[in-house]
Amino acid sequence: MSFDTRNGTRGRRQPGAGGPVGRWLTKRAINLIRRKGKMPGLGFDTLVLTTIGRKSGLERQTPVGWFPGQDDSWLIVASAAGAARNPAWYHNLAAHPDQVWIEMPGRKVAVTAEQLHGAVREAAWRQIIAAAPRFAAYQKATDRELPIIHLVPRAN
């Protein structure tokens, strides 16, 4: 399926890891996720998403929340906390959906990314907001439909 969600016209400020303090905090979060699989206070599991930059071609690592999909797969939401623009990692996935890895404690998995649409997306969305109601608030903050990405283990 295609990655086709356009940026919105309204939303919250895009969270970012800009500057030395932000980069340091992101590195700490990634190390914590690799050890424990969670970020304190979020209320849902997190993983480290590694993508290939669509412009730079470099590996990019981002901590993201995840929800269980069917058949040993994962669901992630490109919410950017309700920002008007899609997060950079969404565009990286769109450019290189077959060059993606996820990490959790003691496990690194090569995955393929696909964006969900239609009834499948709606069912996944209901599951996500039941587990983490904050995502419903993120959706209300923006006029773009928050993309849900399905990560499926890739045959090596």
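The values are calculated or read from the model by the stated rules, or taken from the named source; none is laboratory data. On a predicted model such as this, the values are computed, not experimentally measured, just so you know. Cβ coordinates were reconstructed from backbone atoms using ideal geometry, including for glycine residues, and neighbour counts include every protein chain displayed.
General remarks:
- Scanning segment 104-116 for residues that are outside any strand (DSSP E or B) and modelled with pLDDT of 95 or more returns a single hit, Leu116.
- Any chance Arg144 is at negative phi and without any contact (Cβ under 8 Å) to a residue 24 or more places away in the chain: no
- Among residues of segment 33-58 being outside any helix (DSSP H, G or I), modelled with pLDDT of 85 or more and aliphatic (A, V, I, L, M), the one that is surrounded by the fewest Cβ atoms within 10 Å (Cβ to Cβ) is Leu58.
- Some residue of segment 15-32 being touching a residue at least 60 places away in the same chain (Cβ under 8 Å), surrounded by 14 or more Cβ atoms within 10 Å (Cβ to Cβ) and not β-branched (Val, Ile, Thr): no
- Residue in segment 94-117 that is surrounded by 14 or more Cβ atoms within 10 Å (Cβ to Cβ), touching a Gly at 6+ places or on another chain (Cβ under 8 Å) and not hydrophobic (A, V, I, L, M, F, W, C) present: no
- The residues on offer are Ala119, Ala81, Ala29, and the sole one that is among the hydrophobic types (A, V, I, L, M, F, W, C), part of a helix (DSSP H, G or I) and touching a helix residue (DSSP H, G or I) at 6+ places or on another chain (Cβ under 7 Å) is Ala81.
- Residue match in segment 138-154 (condition: at pLDDT 95 or above, of a type in the set (Gly, Ala, Ser), assigned to a strand (DSSP E or B) and over 14 Å from Phe3 (Cα atoms)): no
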